[in-house]
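Scroll down for the structure; my scribbles are underneath it.
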Amino acid sequence: MGSSFRRFTVAVAVIALFCAAPAAADASKQRGSTQCVAGAPGVGDEYYPTYGNGGYDTRHYDLDVEYDPATDRLEGEASIRVRATESLCSFNLDLVGLEVSRVEVDGKRADWSRSGQELVVTPKRPVGDGRRFEVEVRYGGVPVEFTIPGTTIRTGFMATPEGATVAGQPEVAAGWYPVNDHPIDKASYTFEVTVPNPYEVVANGFLRDVDSRRGSTTWKWEAREPMASYLATIDIGDWDVNRWRTDTGLPVYDAVDSRITGALRAEIDAGLARQGEVLNLLSDAFGPYPFSTVGAIVPNQEDLRFALETQTRPVYSKRFWRDPQGNPRNADFVVVHELAHQWFGDDVALARWQDIWLNEGFATYAEWLWEEYEERGTPQEIFQATYDSIPADDPFWSVVIGDPGVDLLFHDAVYVRGAMTLQALRNEVGDADFWEIVRRWAADKAGGNGTTPEFIALAEEVSGQDLDAPDGVFDTWLFTAGKPAFSTPAGQARVARASTQTARERAADWLNDVRTRLAQGRY
Ligand SMILES: [Zn+2]
(Lines give C-alpha, C1' and ligand atoms only; values in the text may rest on other atoms or scores of the structure.)
Protein backbone atom coordinates (compact mmCIF):
# COMPACT_ATOMS: atom_id res chain seq x y z
CA MET A 1 0.00 0.00 0.00
CA GLY A 2 0.96 3.64 0.24
CA SER A 3 0.23 6.49 -2.08
CA SER A 4 1.38 7.33 -5.51
CA PHE A 5 1.88 10.85 -4.32
CA ARG A 6 3.28 10.21 -0.91
CA ARG A 7 5.85 12.83 -0.10
CA PHE A 8 8.28 12.76 2.75
CA THR A 9 10.47 15.52 3.98
CA VAL A 10 13.19 13.14 5.04
CA ALA A 11 16.45 14.06 3.37
CA VAL A 12 17.95 11.33 1.29
CA ALA A 13 21.45 10.42 2.36
CA VAL A 14 23.55 7.74 0.83
CA ILE A 15 24.83 5.49 3.54
CA ALA A 16 26.01 1.97 2.87
CA LEU A 17 23.41 -0.37 4.28
CA PHE A 18 24.23 -2.02 7.59
CA CYS A 19 27.53 -0.22 7.97
CA ALA A 20 28.03 1.28 11.38
CA ALA A 21 27.64 5.03 11.05
CA PRO A 22 31.02 6.73 10.80
CA ALA A 23 30.06 8.75 13.87
CA ALA A 24 30.09 5.57 15.93
CA ALA A 25 33.87 5.50 16.10
CA ASP A 26 33.98 9.10 17.34
CA ALA A 27 31.35 8.33 19.88
CA SER A 28 33.29 5.41 21.30
CA LYS A 29 34.64 6.08 24.70
CA GLN A 30 35.96 4.40 27.75
CA ARG A 31 33.35 3.60 30.34
CA GLY A 32 34.92 1.62 33.10
CA SER A 33 37.29 -0.68 31.31
CA THR A 34 34.94 -1.40 28.40
CA GLN A 35 35.39 0.14 24.97
CA CYS A 36 31.85 0.92 23.79
CA VAL A 37 30.08 2.82 21.05
CA ALA A 38 26.84 4.71 20.55
CA GLY A 39 24.47 2.61 18.43
CA ALA A 40 23.78 4.20 15.06
CA PRO A 41 20.56 6.26 14.81
CA GLY A 42 19.52 4.53 11.56
CA VAL A 43 20.10 1.20 9.82
CA GLY A 44 21.40 3.01 6.75
CA ASP A 45 18.34 2.83 4.51
CA GLU A 46 19.04 5.09 1.56
CA TYR A 47 15.44 6.34 1.45
CA TYR A 48 14.89 6.66 5.20
CA PRO A 49 18.26 7.28 6.86
CA THR A 50 16.87 7.69 10.38
CA TYR A 51 14.58 4.65 10.30
CA GLY A 52 15.63 1.81 12.53
CA ASN A 53 18.78 1.83 14.63
CA GLY A 54 22.12 0.10 14.76
CA GLY A 55 23.95 -1.90 17.43
CA TYR A 56 21.33 -4.44 18.37
CA ASP A 57 18.91 -7.02 17.07
CA THR A 58 15.36 -7.05 18.44
CA ARG A 59 13.97 -10.44 19.41
CA HIS A 60 10.60 -9.71 21.01
CA TYR A 61 8.24 -6.85 21.79
CA ASP A 62 5.86 -7.15 24.71
CA LEU A 63 3.50 -4.21 24.31
CA ASP A 64 1.25 -3.55 27.27
CA VAL A 65 -1.04 -0.81 26.06
CA GLU A 66 -4.07 0.90 27.54
CA TYR A 67 -6.18 2.92 25.13
CA ASP A 68 -9.24 5.02 25.81
CA PRO A 69 -11.22 5.92 22.68
CA ALA A 70 -12.99 8.69 24.61
CA THR A 71 -9.76 10.66 25.06
CA ASP A 72 -7.59 9.02 22.37
CA ARG A 73 -4.94 8.60 25.05
CA LEU A 74 -2.65 5.62 25.11
CA GLU A 75 -0.60 4.54 28.12
CA GLY A 76 2.06 2.03 27.23
CA GLU A 77 4.71 -0.13 28.75
CA ALA A 78 6.96 -1.73 26.19
CA SER A 79 9.32 -4.54 27.22
CA ILE A 80 11.71 -5.18 24.40
CA ARG A 81 14.12 -8.10 24.37
CA VAL A 82 17.18 -7.42 22.26
CA ARG A 83 20.67 -8.73 21.62
CA ALA A 84 23.58 -6.34 21.30
CA THR A 85 25.59 -6.63 18.08
CA GLU A 86 28.20 -4.16 19.32
CA SER A 87 29.45 -3.05 22.70
CA LEU A 88 26.99 -0.27 23.43
CA CYS A 89 27.41 2.80 25.65
CA SER A 90 24.04 3.94 24.34
CA PHE A 91 21.51 2.91 21.72
CA ASN A 92 18.40 4.34 20.07
CA LEU A 93 14.77 3.41 19.68
CA ASP A 94 12.35 5.20 17.36
CA LEU A 95 9.35 6.94 18.91
CA VAL A 96 7.39 9.84 17.42
CA GLY A 97 5.45 12.17 19.73
CA LEU A 98 4.26 10.40 22.92
CA GLU A 99 5.95 11.28 26.19
CA VAL A 100 8.43 8.95 27.85
CA SER A 101 8.30 8.77 31.64
CA ARG A 102 10.77 6.02 32.47
CA VAL A 103 13.33 3.78 30.80
CA GLU A 104 14.97 0.74 32.34
CA VAL A 105 17.61 -1.63 31.04
CA ASP A 106 17.54 -5.04 32.70
CA GLY A 107 15.44 -3.62 35.51
CA LYS A 108 17.75 -0.68 36.26
CA ARG A 109 16.89 2.94 35.55
CA ALA A 110 18.60 4.23 32.44
CA ASP A 111 19.22 7.78 31.24
CA TRP A 112 17.39 8.79 28.12
CA SER A 113 16.90 11.76 25.85
CA ARG A 114 14.75 12.62 22.85
CA SER A 115 15.78 14.06 19.53
CA GLY A 116 13.22 14.01 16.72
CA GLN A 117 12.07 10.41 16.41
CA GLU A 118 15.15 9.13 18.24
CA LEU A 119 14.85 7.95 21.84
CA VAL A 120 18.47 7.68 23.00
CA VAL A 121 18.95 5.27 25.89
CA THR A 122 22.11 5.27 28.00
CA PRO A 123 22.23 2.35 30.43
CA LYS A 124 24.05 2.66 33.77
CA ARG A 125 26.71 0.35 32.39
CA PRO A 126 27.64 -0.39 28.79
CA VAL A 127 26.10 -3.49 27.26
CA GLY A 128 28.62 -6.00 25.96
CA ASP A 129 28.61 -7.19 22.34
CA GLY A 130 26.43 -10.28 21.98
CA ARG A 131 24.66 -9.76 25.27
CA ARG A 132 20.93 -10.21 25.53
CA PHE A 133 19.12 -7.56 27.50
CA GLU A 134 15.69 -6.12 28.10
CA VAL A 135 14.62 -2.51 27.65
CA GLU A 136 11.48 -1.26 29.34
CA VAL A 137 9.92 1.99 28.28
CA ARG A 138 6.96 3.59 30.00
CA TYR A 139 5.28 6.13 27.77
CA GLY A 140 1.95 7.76 26.98
CA GLY A 141 0.00 10.38 25.11
CA VAL A 142 -2.13 10.69 22.02
CA PRO A 143 -0.61 8.42 19.35
CA VAL A 144 0.76 10.12 16.30
CA GLU A 145 -1.06 9.81 13.00
CA PHE A 146 0.55 10.17 9.64
CA THR A 147 -1.17 11.59 6.60
CA ILE A 148 -0.24 11.10 3.04
CA PRO A 149 0.95 14.59 2.13
CA GLY A 150 -1.01 16.29 -0.61
CA THR A 151 -4.02 14.12 0.19
CA THR A 152 -6.42 13.70 3.07
CA ILE A 153 -5.60 10.00 3.42
CA ARG A 154 -4.83 9.15 7.03
CA THR A 155 -2.45 6.40 8.12
CA GLY A 156 -0.84 5.33 11.38
CA PHE A 157 -2.64 4.94 14.70
CA MET A 158 -6.00 6.35 13.64
CA ALA A 159 -8.61 7.22 16.23
CA THR A 160 -12.08 6.51 14.80
CA PRO A 161 -15.60 7.01 16.14
CA GLU A 162 -15.66 3.23 16.61
CA GLY A 163 -12.29 2.89 18.36
CA ALA A 164 -9.02 2.85 16.44
CA THR A 165 -7.43 1.45 13.29
CA VAL A 166 -3.67 0.91 13.28
CA ALA A 167 -2.06 0.55 9.86
CA GLY A 168 0.45 2.39 7.72
CA GLN A 169 3.48 1.92 5.51
CA PRO A 170 6.26 2.69 6.02
CA GLU A 171 5.21 4.92 8.91
CA VAL A 172 3.04 3.62 11.71
CA ALA A 173 4.96 1.72 14.39
CA ALA A 174 6.97 4.60 15.92
CA GLY A 175 3.69 6.49 16.30
CA TRP A 176 2.48 4.11 18.99
CA TYR A 177 5.39 2.14 20.44
CA PRO A 178 9.16 2.46 20.90
CA VAL A 179 10.65 0.37 18.14
CA ASN A 180 13.59 -0.44 15.93
CA ASP A 181 11.49 0.81 13.04
CA HIS A 182 12.83 -0.86 9.91
CA PRO A 183 11.74 -4.16 8.32
CA ILE A 184 15.32 -5.46 8.49
CA ASP A 185 14.88 -6.09 12.23
CA LYS A 186 11.97 -8.50 12.62
CA ALA A 187 10.74 -9.71 15.98
CA SER A 188 7.90 -11.62 17.60
CA TYR A 189 5.18 -9.72 19.46
CA THR A 190 2.88 -10.00 22.44
CA PHE A 191 0.12 -7.40 22.64
CA GLU A 192 -1.81 -6.85 25.85
CA VAL A 193 -4.32 -4.19 25.00
CA THR A 194 -6.68 -2.84 27.65
CA VAL A 195 -9.77 -0.97 26.47
CA PRO A 196 -12.92 0.24 28.21
CA ASN A 197 -15.89 -2.09 27.91
CA PRO A 198 -17.51 -2.86 25.54
CA TYR A 199 -14.68 -2.16 23.06
CA GLU A 200 -12.94 -5.19 21.59
CA VAL A 201 -9.45 -5.73 20.18
CA VAL A 202 -8.12 -7.70 17.24
CA ALA A 203 -4.44 -7.94 16.34
CA ASN A 204 -1.89 -10.11 14.52
CA GLY A 205 -1.49 -13.78 15.41
CA PHE A 206 -3.58 -15.65 17.98
CA LEU A 207 -5.96 -14.42 20.66
CA ARG A 208 -4.58 -15.98 23.87
CA ASP A 209 -6.63 -14.47 26.65
CA VAL A 210 -9.50 -12.10 27.36
CA ASP A 211 -9.43 -10.74 30.89
CA SER A 212 -12.54 -8.76 31.83
CA ARG A 213 -12.73 -6.59 34.88
CA ARG A 214 -15.22 -4.02 35.97
CA GLY A 215 -15.12 -1.33 33.31
CA SER A 216 -12.34 -2.64 31.11
CA THR A 217 -10.99 -5.71 29.36
CA THR A 218 -7.47 -6.78 28.46
CA TRP A 219 -7.05 -8.59 25.15
CA LYS A 220 -3.88 -10.63 24.87
CA TRP A 221 -2.69 -11.41 21.37
CA GLU A 222 0.45 -13.25 20.40
CA ALA A 223 2.28 -13.15 17.07
CA ARG A 224 5.19 -15.55 17.34
CA GLU A 225 6.36 -15.51 13.76
CA PRO A 226 9.02 -12.82 13.11
CA MET A 227 7.35 -9.64 11.89
CA ALA A 228 8.47 -6.31 10.45
CA SER A 229 7.45 -3.40 12.69
CA TYR A 230 5.05 -1.73 10.23
CA LEU A 231 3.04 -4.95 9.99
CA ALA A 232 2.02 -4.89 13.66
CA THR A 233 -1.60 -3.91 14.19
CA ILE A 234 -4.06 -3.55 17.05
CA ASP A 235 -7.57 -2.59 16.06
CA ILE A 236 -10.24 -1.44 18.43
CA GLY A 237 -13.91 -1.67 17.60
CA ASP A 238 -17.03 -3.71 18.06
CA TRP A 239 -16.09 -6.79 16.11
CA ASP A 240 -18.25 -9.51 14.67
CA VAL A 241 -15.76 -12.36 14.80
CA ASN A 242 -15.86 -15.33 12.48
CA ARG A 243 -13.48 -18.13 13.47
CA TRP A 244 -13.19 -20.93 10.98
CA ARG A 245 -10.67 -23.16 9.26
CA THR A 246 -9.70 -23.40 5.64
CA ASP A 247 -9.96 -26.81 3.99
CA THR A 248 -6.28 -27.31 4.79
CA GLY A 249 -6.97 -26.73 8.49
CA LEU A 250 -5.48 -23.24 8.76
CA PRO A 251 -7.21 -21.28 11.57
CA VAL A 252 -8.92 -18.11 10.33
CA TYR A 253 -9.96 -15.17 12.51
CA ASP A 254 -12.03 -12.59 10.65
CA ALA A 255 -13.14 -9.40 12.39
CA VAL A 256 -15.69 -7.17 10.65
CA ASP A 257 -17.07 -4.17 12.52
CA SER A 258 -20.64 -4.95 13.56
CA ARG A 259 -21.79 -1.56 12.28
CA ILE A 260 -21.16 -2.71 8.72
CA THR A 261 -24.49 -4.25 7.79
CA GLY A 262 -26.86 -4.98 4.91
CA ALA A 263 -25.76 -5.59 1.33
CA LEU A 264 -22.24 -4.25 1.88
CA ARG A 265 -21.75 -6.60 4.79
CA ALA A 266 -22.98 -9.57 2.77
CA GLU A 267 -20.50 -8.75 -0.01
CA ILE A 268 -17.61 -8.40 2.44
CA ASP A 269 -18.50 -11.69 4.13
CA ALA A 270 -18.72 -13.42 0.76
CA GLY A 271 -15.30 -12.06 -0.18
CA LEU A 272 -13.68 -13.18 3.07
CA ALA A 273 -15.23 -16.63 2.69
CA ARG A 274 -12.99 -17.14 -0.34
CA GLN A 275 -9.72 -16.71 1.62
CA GLY A 276 -9.15 -20.49 1.76
CA GLU A 277 -9.61 -20.76 -1.99
CA VAL A 278 -7.24 -17.82 -2.54
CA LEU A 279 -4.62 -19.36 -0.27
CA ASN A 280 -4.87 -22.66 -2.14
CA LEU A 281 -4.20 -20.92 -5.44
CA LEU A 282 -1.32 -18.90 -4.01
CA SER A 283 0.20 -21.91 -2.21
CA ASP A 284 0.19 -23.82 -5.47
CA ALA A 285 2.07 -20.96 -7.08
CA PHE A 286 4.41 -19.75 -4.32
CA GLY A 287 4.82 -22.67 -1.91
CA PRO A 288 3.22 -23.29 1.50
CA TYR A 289 1.45 -20.41 3.26
CA PRO A 290 4.13 -19.03 5.61
CA PHE A 291 2.17 -18.44 8.83
CA SER A 292 0.11 -20.40 11.34
CA THR A 293 -3.04 -18.30 11.15
CA VAL A 294 -4.79 -15.91 8.78
CA GLY A 295 -7.82 -13.64 8.64
CA ALA A 296 -9.05 -10.13 8.01
CA ILE A 297 -9.85 -6.90 9.82
CA VAL A 298 -12.53 -4.69 8.26
CA PRO A 299 -13.13 -1.53 10.31
CA ASN A 300 -16.13 0.70 9.81
CA GLN A 301 -13.81 3.71 9.41
CA GLU A 302 -15.33 5.90 6.69
CA ASP A 303 -12.11 7.59 5.59
CA LEU A 304 -9.90 4.49 5.57
CA ARG A 305 -8.64 4.58 2.01
CA PHE A 306 -6.37 1.59 1.82
CA ALA A 307 -5.74 -2.02 2.64
CA LEU A 308 -2.51 -3.18 4.26
CA GLU A 309 -0.91 -6.61 4.51
CA THR A 310 -0.63 -6.52 8.34
CA GLN A 311 0.92 -9.89 9.08
CA THR A 312 -1.50 -12.84 9.28
CA ARG A 313 -4.45 -10.41 9.34
CA PRO A 314 -4.68 -7.69 6.69
CA VAL A 315 -6.68 -4.54 7.35
CA TYR A 316 -9.16 -3.73 4.57
CA SER A 317 -11.06 -0.57 3.83
CA LYS A 318 -14.73 -1.41 3.40
CA ARG A 319 -14.66 1.01 0.45
CA PHE A 320 -12.99 -1.60 -1.74
CA TRP A 321 -16.37 -3.31 -1.99
CA ARG A 322 -17.89 -0.21 -3.61
CA ASP A 323 -16.98 1.57 -6.85
CA PRO A 324 -16.54 5.37 -6.93
CA GLN A 325 -20.27 5.74 -7.64
CA GLY A 326 -21.16 3.64 -4.60
CA ASN A 327 -22.25 0.56 -6.55
CA PRO A 328 -21.28 -2.93 -5.36
CA ARG A 329 -17.94 -4.12 -6.68
CA ASN A 330 -16.21 -7.44 -6.39
CA ALA A 331 -13.14 -6.93 -4.22
CA ASP A 332 -11.65 -10.42 -4.39
CA PHE A 333 -8.57 -8.88 -6.02
CA VAL A 334 -7.75 -6.96 -2.82
CA VAL A 335 -7.97 -10.11 -0.73
CA VAL A 336 -5.74 -11.90 -3.24
CA HIS A 337 -3.29 -8.98 -3.18
CA GLU A 338 -3.02 -8.75 0.62
CA LEU A 339 -2.77 -12.50 1.04
CA ALA A 340 -0.03 -12.66 -1.60
CA HIS A 341 1.85 -10.08 0.49
CA GLN A 342 1.98 -12.64 3.30
CA TRP A 343 4.64 -14.37 1.18
CA PHE A 344 6.11 -11.31 -0.51
CA GLY A 345 6.35 -8.33 1.82
CA ASP A 346 5.77 -10.08 5.12
CA ASP A 347 7.52 -13.48 5.26
CA VAL A 348 10.08 -12.24 2.73
CA ALA A 349 10.36 -8.62 3.81
CA LEU A 350 12.24 -5.74 2.29
CA ALA A 351 15.78 -5.01 3.44
CA ARG A 352 15.69 -1.59 1.74
CA TRP A 353 12.61 0.49 0.94
CA GLN A 354 13.88 1.14 -2.58
CA ASP A 355 13.09 -2.52 -3.42
CA ILE A 356 9.33 -1.94 -2.91
CA TRP A 357 8.55 -3.45 -6.33
CA LEU A 358 9.44 -6.84 -4.81
CA ASN A 359 6.36 -6.41 -2.59
CA GLU A 360 3.91 -4.71 -4.91
CA GLY A 361 4.99 -6.42 -8.12
CA PHE A 362 4.47 -9.89 -6.67
CA ALA A 363 1.16 -8.97 -5.01
CA THR A 364 -0.12 -7.52 -8.29
CA TYR A 365 1.12 -10.55 -10.22
CA ALA A 366 -0.95 -12.66 -7.82
CA GLU A 367 -3.99 -10.69 -9.02
CA TRP A 368 -3.14 -11.80 -12.56
CA LEU A 369 -3.01 -15.41 -11.36
CA TRP A 370 -6.44 -14.88 -9.84
CA GLU A 371 -7.76 -13.43 -13.11
CA GLU A 372 -6.54 -16.58 -14.85
CA TYR A 373 -8.12 -18.78 -12.16
CA GLU A 374 -11.40 -16.92 -12.67
CA GLU A 375 -10.98 -17.38 -16.43
CA ARG A 376 -10.87 -13.69 -17.22
CA GLY A 377 -7.47 -13.70 -18.91
CA THR A 378 -3.96 -15.08 -18.54
CA PRO A 379 -1.05 -13.13 -17.03
CA GLN A 380 0.43 -12.88 -20.53
CA GLU A 381 -2.81 -11.43 -21.89
CA ILE A 382 -3.01 -8.87 -19.10
CA PHE A 383 0.66 -8.06 -19.62
CA GLN A 384 0.05 -7.56 -23.33
CA ALA A 385 -3.11 -5.52 -22.85
CA THR A 386 -1.32 -3.32 -20.35
CA TYR A 387 1.65 -2.89 -22.63
CA ASP A 388 -0.55 -2.03 -25.61
CA SER A 389 -2.88 0.34 -23.83
CA ILE A 390 -0.37 2.66 -22.15
CA PRO A 391 1.17 4.94 -24.78
CA ALA A 392 4.92 5.43 -24.76
CA ASP A 393 4.57 9.08 -23.71
CA ASP A 394 2.44 8.27 -20.65
CA PRO A 395 4.27 9.34 -17.46
CA PHE A 396 3.61 5.79 -16.23
CA TRP A 397 6.66 4.64 -18.17
CA SER A 398 8.98 7.25 -16.71
CA VAL A 399 9.01 5.72 -13.22
CA VAL A 400 12.18 3.70 -12.59
CA ILE A 401 10.53 1.10 -10.37
CA GLY A 402 13.79 -0.55 -9.25
CA ASP A 403 14.72 2.73 -7.54
CA PRO A 404 11.61 4.94 -7.65
CA GLY A 405 12.63 7.45 -4.99
CA VAL A 406 10.68 8.20 -1.84
CA ASP A 407 8.04 10.33 -3.58
CA LEU A 408 7.06 7.58 -6.01
CA LEU A 409 7.42 4.63 -3.64
CA PHE A 410 3.79 3.62 -4.18
CA HIS A 411 3.23 4.93 -7.70
CA ASP A 412 0.90 2.87 -9.91
CA ALA A 413 3.92 1.84 -11.96
CA VAL A 414 5.53 0.12 -8.96
CA TYR A 415 2.49 -2.15 -8.90
CA VAL A 416 1.72 -2.63 -12.58
CA ARG A 417 5.18 -2.45 -14.12
CA GLY A 418 6.34 -4.56 -11.15
CA ALA A 419 3.97 -7.33 -12.21
CA MET A 420 5.00 -6.80 -15.84
CA THR A 421 8.63 -7.30 -14.82
CA LEU A 422 7.75 -10.72 -13.46
CA GLN A 423 5.90 -11.64 -16.66
CA ALA A 424 8.84 -10.38 -18.72
CA LEU A 425 11.13 -12.59 -16.62
CA ARG A 426 8.75 -15.52 -17.14
CA ASN A 427 8.83 -14.96 -20.89
CA GLU A 428 12.61 -14.76 -20.78
CA VAL A 429 13.37 -17.90 -18.73
CA GLY A 430 10.28 -20.01 -19.44
CA ASP A 431 7.62 -21.35 -17.07
CA ALA A 432 9.63 -24.06 -15.31
CA ASP A 433 12.52 -21.81 -14.33
CA PHE A 434 10.20 -18.92 -13.50
CA TRP A 435 8.23 -20.91 -10.96
CA GLU A 436 11.39 -22.38 -9.51
CA ILE A 437 12.77 -18.85 -9.04
CA VAL A 438 9.56 -17.70 -7.34
CA ARG A 439 9.34 -20.70 -5.01
CA ARG A 440 13.01 -20.61 -4.13
CA TRP A 441 12.79 -16.89 -3.39
CA ALA A 442 9.95 -17.57 -0.96
CA ALA A 443 11.70 -20.57 0.60
CA ASP A 444 15.28 -19.26 0.80
CA LYS A 445 14.26 -15.94 2.33
CA ALA A 446 11.45 -17.24 4.56
CA GLY A 447 11.31 -15.35 7.85
CA GLY A 448 13.90 -12.87 6.60
CA ASN A 449 14.56 -10.14 4.08
CA GLY A 450 15.60 -9.86 0.46
CA THR A 451 16.96 -7.28 -1.98
CA THR A 452 16.57 -6.80 -5.72
CA PRO A 453 20.22 -7.75 -6.44
CA GLU A 454 19.66 -10.99 -4.49
CA PHE A 455 16.52 -11.72 -6.50
CA ILE A 456 18.36 -11.12 -9.76
CA ALA A 457 21.24 -13.36 -8.62
CA LEU A 458 18.77 -16.15 -7.82
CA ALA A 459 17.07 -15.78 -11.20
CA GLU A 460 20.46 -16.07 -12.90
CA GLU A 461 21.42 -19.07 -10.82
CA VAL A 462 18.20 -20.97 -11.55
CA SER A 463 18.01 -20.09 -15.25
CA GLY A 464 21.73 -20.20 -15.99
CA GLN A 465 21.19 -17.02 -18.01
CA ASP A 466 22.92 -13.66 -17.82
CA LEU A 467 19.94 -11.52 -16.80
CA ASP A 468 21.59 -8.40 -15.40
CA ALA A 469 23.31 -7.28 -18.57
CA PRO A 470 22.59 -3.78 -19.91
CA ASP A 471 19.42 -4.12 -22.02
CA GLY A 472 18.69 -7.41 -20.26
CA VAL A 473 15.27 -8.10 -18.74
CA PHE A 474 15.97 -6.60 -15.30
CA ASP A 475 17.91 -3.59 -16.54
CA THR A 476 15.13 -2.85 -19.02
CA TRP A 477 12.14 -3.34 -16.74
CA LEU A 478 13.49 -2.18 -13.38
CA PHE A 479 16.20 0.35 -14.03
CA THR A 480 15.50 2.04 -17.35
CA ALA A 481 12.91 4.79 -17.70
CA GLY A 482 10.69 4.55 -20.76
CA LYS A 483 8.45 1.98 -22.40
CA PRO A 484 10.58 -1.11 -22.94
CA ALA A 485 11.08 -2.51 -26.38
CA PHE A 486 11.19 -6.27 -26.40
CA SER A 487 14.85 -6.89 -26.31
CA THR A 488 15.33 -10.57 -26.98
CA PRO A 489 14.03 -12.84 -29.71
CA ALA A 490 12.56 -15.16 -27.08
CA GLY A 491 10.67 -12.35 -25.37
CA GLN A 492 9.56 -10.94 -28.71
CA ALA A 493 8.24 -14.27 -29.96
CA ARG A 494 6.21 -14.94 -26.86
CA VAL A 495 4.71 -11.47 -26.79
CA ALA A 496 3.87 -11.67 -30.46
CA ARG A 497 1.75 -14.77 -29.86
CA ALA A 498 -1.62 -13.15 -30.26
CA SER A 499 -4.45 -13.79 -27.86
CA THR A 500 -8.08 -13.55 -28.84
CA GLN A 501 -9.78 -10.19 -29.07
CA THR A 502 -12.14 -11.00 -26.18
CA ALA A 503 -9.32 -12.09 -23.91
CA ARG A 504 -7.51 -8.88 -24.68
CA GLU A 505 -10.58 -6.82 -23.91
CA ARG A 506 -11.04 -8.57 -20.58
CA ALA A 507 -7.38 -8.07 -19.80
CA ALA A 508 -7.71 -4.39 -20.65
CA ASP A 509 -10.60 -4.25 -18.17
CA TRP A 510 -8.19 -5.35 -15.46
CA LEU A 511 -5.96 -2.39 -16.18
CA ASN A 512 -8.88 0.05 -16.12
CA ASP A 513 -10.03 -1.47 -12.85
CA VAL A 514 -6.65 -1.36 -11.20
CA ARG A 515 -6.11 2.26 -12.14
CA THR A 516 -9.52 3.17 -10.72
CA ARG A 517 -8.68 1.36 -7.49
CA LEU A 518 -5.29 3.01 -7.23
CA ALA A 519 -6.89 6.40 -7.81
CA GLN A 520 -9.28 5.70 -4.93
CA GLY A 521 -6.66 4.46 -2.49
CA ARG A 522 -3.80 2.00 -2.05
CA TYR A 523 -3.56 -1.70 -1.27
ZN1 LIG B 1 0.28 -4.02 -1.89
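Some notes on this structure:
- Test result for ARG259, within 16 Å of the ligand (Cβ to nearest atom) and in a loop (DSSP other than H, G, I, E, B): no
- From ASP284, ASP247, ASP211, residue being open to solvent by 60 Å² or more (accessible area, probe 1.4 Å) and assigned to a strand (DSSP E or B): ASP211
- Residues that are on the phi > 0 side of the Ramachandran plot and either among the hydroxyl-bearing types (Ser, Thr, Tyr) or not in a loop (DSSP other than H, G, I, E, B) (or both), drawn from the stretch 149-184: GLY156, GLY163
- Among the helices (runs of 4 or more DSSP H) confined to the stretch 426-523, there are none with at least 1 residues that are modelled with pLDDT of 85 or more, open to solvent by 30 Å² or more (accessible area, probe 1.4 Å) and of a type in the set (Val, Ile, Thr).
Residues are listed down the side, and each one gets a yes or a no for (1) open to solvent by 10 Å² or more (accessible area, probe 1.4 Å); (2) away from the ligand (no atom under 16 Å from the Cβ); (3) within 12 Å of the chain's Cα centre (by Cα):
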{"residue": "LYS318", "(1), (2), (3)": "yes, yes, no"}
{"residue": "ARG329", "(1), (2), (3)": "yes, yes, no"}
{"residue": "VAL336", "(1), (2), (3)": "no, no, no"}
{"residue": "HIS341", "(1), (2), (3)": "no, no, yes"}
{"residue": "GLU360", "(1), (2), (3)": "no, no, yes"}
{"residue": "ALA366", "(1), (2), (3)": "no, no, no"}
{"residue": "GLU375", "(1), (2), (3)": "yes, yes, no"}
{"residue": "GLU381", "(1), (2), (3)": "yes, yes, no"}
{"residue": "SER398", "(1), (2), (3)": "yes, yes, no"}
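- Residues that are within 15 Å of GLY521 (Cα to Cα), open to solvent by less than 10 Å² (accessible area, probe 1.4 Å) and within 16 Å of the ligand (Cβ to nearest atom), drawn from the stretch 291-316: LEU304, PHE306, ALA307, LEU308, GLU309, VAL315, TYR316
- Matching option when the condition is under 20 Å from SER229 (Cβ atoms) and not basic (Lys, Arg), among GLU86, GLU99, GLU118, GLU104: GLU118
- Candidates TRP435, TRP370, TRP441, TRP353 - the one that is touching a residue at least 60 places away in the same chain (Cβ under 8 Å), within 16 Å of the ligand (Cβ to nearest atom) and under 28 Å from GLY276 (Cα atoms): TRP370
- Evaluation of PHE146 against (1) assigned to a strand (DSSP E or B); (2) surrounded by fewer than 20 Cβ atoms within 10 Å (Cβ to Cβ); (3) at pLDDT below 95 (one fails), failing number: (2)
- Subset of the stretch 85-114 [assigned to a strand (DSSP E or B) and under 26 Å from the mean Cα position of the chain (by Cα)]: PHE91, ASN92, LEU93, ASP94
- Summed over the stretch 262-320, residues that are on the phi > 0 side of the Ramachandran plot and in contact with a helix residue (DSSP H, G or I) (Cβ under 9 Å, 6 or more places away or on another chain) total 3.
- Hey, THR386 at pLDDT 95 or above and polar (S, T, N, Q) or not: no
- Residue in the stretch 117-124 that is in contact with a Pro (Cβ under 6 Å, 6 or more places away or on another chain), part of a loop (DSSP other than H, G, I, E, B) and either at positive phi or crowded, with 17+ Cβ neighbours inside 10 Å (or both) present: no
- When the stretch 202-242 is filtered for residues that are hydroxyl-bearing (Ser, Thr, Tyr) and closer than 16 Å to TYR253 by Cβ, only THR233 remains.
- For GLU371: the one exception among (1) open to solvent by 10 Å² or more (accessible area, probe 1.4 Å); (2) not in a helix (DSSP H, G or I): (2)
- Condition broken by ARG265, with the remaining ones in (1) basic (Lys, Arg); (2) touching a Pro at 6+ places or on another chain (Cβ under 8 Å); (3) without any contact (Cβ under 8 Å) to a residue 40 or more places away in the chain satisfied: (2)
The values are calculated or read from the model by the stated rules, or taken from the named source; none is laboratory data. The shown structure was predicted, so the numbers you read here are calculated from the model rather than taken from an experiment. Neighbour counts run over all protein chains shown; Cβ positions are idealised from the backbone, glycine included. The protein model used for the area step is the full one, side chains on, heavy atoms only, and it has no ligands, DNA or RNA in it. Shrake-Rupley method; radii C 1.70, N 1.55, O 1.52, S 1.80 Å.
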